[in-house]
Structure formats: structure tokens, C-alpha cells
Amino acid sequence: MKTILALWILLLAAAPAFAADPSSTLRYWSDTWRGWHFYEEPEPEFEHRAPPPPWPARSSPKPTAKRPAELIEFERLQKALEETRHIAVMRPTEANVRRYMELEAQVVARASTFADMAQRIAWASPDLDPTLQGRPVNAKALEVFDQLQMAQRSESIGALGRDHVLLFFFRGDCPYCHAFAPTLQAFQARHGIRVVAISVDGGAMPGFADARRDNGISRTLQVSQVPAVYLAQPFTGVITPIGFGVLSEAQLLERIAIIGAAPKIAAAPFTGQQTGLLSHAGVSP
């Protein structure tokens, strides 16, 4: 009896708690599927992030400059000509080929008109006239140009001859050397630069009675073909190849003048060690 009374008192004491939150009892009985021992994962804590910045206002596109009508027309004509030609090549019927030829004639006519206008402008503007720039095209003007150029080159070679000589490598049995020797003799007399003849095989050469025997300088310079001409400066030992084979006086003038204008660049391969060889061969400043 006492036990029943005690249970009744406990039930009366717990009644207010159940009455205060009836949902707890329902939640308990509805969650029986979890079992007696379960573990709830904690609710994830979301990091508070600042809202993304608003998208920048979209700027209106800048108005593009209007293209000239001539460019549009040119591109249209160019495309039409190309397409018409491709069609005529792939299907060369009379109509297709004729269409291409007619369109090409239009393009040629336009180009001819442009060329005529450019020529008229060049005639009236000396700075735009290509015939007045560089080497002339007129025969009379070309003759005067060549004379002036030869005189200028001859003068520069005469100045170069104050401390330079021409080395002429030859063989006594070489017919090309014999044919080239008179040109060198005339060149020496006309332009004032001394020619030093060096015999590779010990043979003689008419017109060069004072020719030297090769002392090894041809091997040092790797002279593999004669006749050969080199420009030498005995004081510094700088030696520069001018050419091989039979050369004309005009070729000698041109090559020596060009090399003389930039001796350091042209003579880079042969410097220094040839000074002694030149002195031993009797070539002195």
C-alpha cells in the first residue's frame, strides 16, 4: 500500500512537467526508431561572409568610327574577284571565265588610273620621283652618273693608296693571271695604288718584274685560287680579300671603295699576324 502511494505521489509531481511541454512526450515516442543510444551531429555553423560586391555598371560600347566607303568598296571588289576566279578555275565554263575576265579588267583599269596619277605627282615633286633617287635610268644621265662615281671612287682609292697596297697572287703557268695582269697595271697607273705581285709557284709575270716569291703568306691567307687580289695595310698588318679570278677595272674600283669605307668590318678575318709576313715579303709601309 505504501509503495502504491509513493508511485502516485511521483506521478502527481511529474504531471506539471508533462503538462507544460506535451510535445516533448510526443517527440520522445515518435523518435523510438533512433534507439536508446544515439549521437546527434552538431548543427553546422555557417561563417558569416560579406555579400559580394555589386557588378560594375556596364558601360555602353564606344561608337566606332565609320569606315570610308572606298575601303568597303575595295574589299567588296577584292572578294568578288577572288570568288569569281575560284569559280572559274573549278568550273571553267565560258560564262564563268568571261565573268572573271570582265571583273579583272575593271580592277586593271582602276590600277592604271592610280598609276597615271602617281606618275603625274612624281613629275611635279622631285622628292617623290624614283628616277631621281640613286642610279638614273636615263642613258645620258647614267653615263654622267658613272663618270662621277668613278671619279669619286678613284679619288678615295688614291687616298687609300697612301698606306695600302694591293697584293696580286699569281702562278706563272696560269693563263687567267696573265690575262688579268694588264688590268692591274693600268689600275695602278690610273688610281695611284701600288700593286705588289706575289708568285705562288716562283714563275714570272710580264709587267711585274719585281714580283716577290711567296713566303708562306698565301698559305696563311688560304689562297686556293689565282689570280687573287687582297687589300693590305702594311703598317697594321690588316689584309682584306678583294676578289678571285679575272676582274674588270670597274669591279676593282667598286670593291676597293666599299671595303675602304669600312676597313675594320671587312678586314676582321686577317689581322695582326700578317705584319711580319708582309715585311718579310718586302711589303713595307
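The values are calculated or read from the model by the stated rules, or taken from the named source; none is laboratory data. Because the structure is a prediction, the values reported are computed rather than measured. Neighbour counts run over all protein chains shown; Cβ positions are idealised from the backbone, glycine included.
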Going residue by residue through segment 203-220, is there one that turns out to be in contact (Cβ under 8 Å) with a residue 12 or more places away in the chain, assigned to a strand (DSSP E or B) and either over 42 Å from the mean Cα position of the chain (by Cα) or surrounded by fewer than 20 Cβ atoms within 10 Å (Cβ to Cβ) (or both)? yes
Can you tell me how many residues within segment 221-239 are over 12 Å from VAL165 (Cβ atoms) and either among the hydrophobic types (A, V, I, L, M, F, W, C) or more than 38 Å from the chain's Cα centre (by Cα) (or both)? 4
Looking at ALA179, ALA151, ALA186, can you tell me which residue is outside any loop (DSSP other than H, G, I, E, B) and either under 37 Å from the mean Cα position of the chain (by Cα) or of a type in the set (Lys, Arg) (or both)? ALA151
Identify, from the list ILE121, ILE157, the residue that is in contact (Cβ under 8 Å) with a residue 60 or more places away in the chain and part of a helix (DSSP H, G or I). ILE157
When residues of segment 162-176 are filtered for being in contact with a strand residue (DSSP E or B) (Cβ under 8 Å, 6 or more places away or on another chain) and either in a loop (DSSP other than H, G, I, E, B) or charged (D, E, K, R) (or both), how many remain? 4
State which residue is surrounded by the most Cβ atoms within 10 Å (Cβ to Cβ) when the search covers only segment 221-259 and only residues that are out of contact with any helix residue (DSSP H, G or I) (no Cβ under 8 Å at 6 or more places or on another chain) and within 17 Å of ALA186 (Cβ to Cβ). ARG255
I'm trying to understand the selection: among the residues of segment 232-264, which are outside any helix (DSSP H, G or I) and closer than 22 Å to HIS178 by Cβ? PRO241, ILE242, GLY243, PHE244, GLY245, VAL246, LEU247, SER248
Of residues in segment 166-183 being in contact (Cβ under 8 Å) with a residue 60 or more places away in the chain and of a type in the set (A, V, I, L, M), the one surrounded by the most Cβ atoms within 10 Å (Cβ to Cβ): LEU167
Selected residue (only one of GLY134, GLY202, GLY192 is at positive phi and not assigned by TED's automatic domain parsing to the domain that holds ILE239): GLY134
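This table checks each residue for (1) modelled with pLDDT of 90 or more; (2) over 30 Å from PRO206 (Cβ atoms); (3) not aliphatic (A, V, I, L, M).
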{"position": "ARG98", "(1), (2), (3)": "yes, yes, yes"}
{"position": "PRO126", "(1), (2), (3)": "no, yes, yes"}
{"position": "ARG135", "(1), (2), (3)": "no, yes, yes"}
{"position": "ALA141", "(1), (2), (3)": "no, yes, no"}
{"position": "GLN149", "(1), (2), (3)": "no, yes, yes"}
{"position": "PHE169", "(1), (2), (3)": "yes, no, yes"}
